[in-house]
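This report refers to the structure that appears directly beneath it.
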Amino acid sequence: HAGIQFTIFSPGFTATPMARWTRDAGVAAEEMVQPSDLGEGLRFLLRTSPTCLVREIEFTPPAQREIIERLVAHRSRAAGAPAE
């Protein structure tokens, strides 16, 4: 045992500059996970003891499914195909 731990840190759509492209599909930053939420998650992980194994943390905005649907529809419209 080398004392190495890992956590799968899985954020959903997060309001960062990398996600600005979602604005074209009508997705507001307020609908997404906020960067401060991810920071709090990292802080939590760093504060746990070596006897606490956190294998996975998922950060998902409440509207994740709707966001994906809007983005797919937007992409379909942009490509000239009918939306699904």
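Answer with yes or no whether Ile57 is among the hydrophobic types (A, V, I, L, M, F, W, C) and part of a helix (DSSP H, G or I). Judged against the criteria, Ile57 is not a match. I'd like to check something: does segment 37-48 contain any residue that is in contact with a helix residue (DSSP H, G or I) (Cβ under 9 Å, 6 or more places away or on another chain) and not in a helix (DSSP H, G or I)? The answer is no, given that none of the residues of segment 37-48 is in contact with a helix residue (DSSP H, G or I) (Cβ under 9 Å, 6 or more places away or on another chain) and not in a helix (DSSP H, G or I). Restricting attention to segment 1-48, report how many residues are of a type in the set (Ser, Thr, Tyr) and farther than 14 Å from Gln64 by Cβ. Final tally of qualifying residues: 4. The residues on offer are Val54, Val33, and the sole one that is surrounded by 14 or more Cβ atoms within 10 Å (Cβ to Cβ), touching a strand residue (DSSP E or B) at 6+ places or on another chain (Cβ under 7 Å) and touching a residue at least 12 places away in the same chain (Cβ under 8 Å) is Val33.
Quick note: the coordinates plus some simple rules give every number you see, no bench work behind them. Keep in mind that this is a model prediction, so the values were computed, not measured. Cβ: placed from backbone, ideal geometry, glycine included. Neighbour counts: every protein chain shown.
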